[in-house]
Amino acid sequence: MLIEAPNTGYILISTEIEEEFEKLKERLKPSRVVGFIEEDFKLEHAKAVVAEAYISESQTKYIIFGALKFTKEAQNSLLKVLEEPPRNIEFIIISPTKSNLLATVRSRLPIIQGKINHIISELDLNLARLDYAKVFTFLKDKSRIKKSEAKSLIEALYNRAVVIDMLILSQVQLDNFDKAYRLLELNSRPQSVLALILMGFIGDKSVSS
């Protein structure tokens with residue numbers, strides 16, 4: 001069940017980050033909306049958000065930033081402006097899971113549930129109990145997957161890991177996800193890119209309690 005979005009700032013939990021951003025732009029008209037949508041939200045993005053927040057506004061301006069991942073440094077740099085936003089500034093954060101965000105960030109804004117991609121629940125692949133046979137079967141099934149489909153599947157695998165399988169991803173696994181997107185842009189074979197991600201889960205059992 002979805003909670004109706006308030007007219008003030010909040011955190012939106014959704015795997016459909018770009019889609020939610022476009023919907024928000026329409027819903028919030030005629031207010032000004034400034035977006036920062038990234039795959040990995042880093043310190044330089046946070047600095048851009050803060051700079052935008054301190055541009056004075058005579059009417060409400062919504063600053064929306066969303067990503068698959070948020071670095072700790074970026075989030076820490078936003079704490080002050082989230083706690084005491086400048087006049088007429090409202091923040092909306094879009095994240096695929098609450099666990100992406102520091103407790104200090106979550107405490108500053110109400111959290112509402114958005115759209116979760118059905119692909120996540122349909123993935124018959126428990127990343128917490130992955131073995132070579134399951135990887136081989138999965139890759140064989142995806143042998144003819146297209147680049148666009150591979151991008152969606154990579155996002156689904158990431159969210160499957162953190163939302164359903166509740167894995168605490170290692171730095172190597174996080175780096176593999178970053179590398180996967182870059183490789184697809186360089187037209188690497190989608191099946192090989194998926195193999196890179198999945199092999200990073202073999203033998204890893206670091207499940208969050």
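Note on segment 146-187: among residues that are closer than 19 Å to Glu38 by Cβ and among the acidic types (Asp, Glu), the one that is modelled with the highest pLDDT is Asp175. Every test in (1) closer than 25 Å to Leu167 by Cβ; (2) touching a helix residue (DSSP H, G or I) at 6+ places or on another chain (Cβ under 8 Å); (3) not in a strand (DSSP E or B) is passed by Glu20 save one, and that test is (2). Taking segment 143-183 as the range and being assigned to a helix (DSSP H, G or I), free of Cβ contacts under 8 Å to residues at least 40 places away in the same chain and under 22 Å from Thr71 (Cβ atoms) as the test, the residues that pass are Lys151, Gln171, Val172, Gln173, Asp175, Asn176, Lys179, Ala180, Arg182, Leu183.
For Ile89, the criteria (1) within 17 Å of the chain's Cα centre (by Cα); (2) farther than 27 Å from Gln171 by Cα; (3) not small (Gly, Ala, Ser) hold in every case but one, which is (1).
Residues checked against (1) part of a loop (DSSP other than H, G, I, E, B); (2) at pLDDT 95 or above:
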| position | (1), (2) |
| --- | --- |
| Ser56 | yes, no |
| Tyr62 | no, yes |
| Phe65 | no, yes |
| Asn76 | no, yes |
| Phe91 | no, yes |
| Lys115 | yes, no |
| Ile120 | no, no |
| Leu125 | yes, no |
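Tell me yes or no: at least one residue of segment 32-39 is assigned to a loop (DSSP other than H, G, I, E, B), charged (D, E, K, R) and in contact (Cβ under 8 Å) with a residue 60 or more places away in the chain. Yes: one or more hits.
The values are calculated or read from the model by the stated rules, or taken from the named source; none is laboratory data. Treat the numbers as computed from the prediction; the structure is a model and nothing was measured. Backbone-built Cβ (ideal geometry, glycine too); neighbour counts: all protein chains shown.
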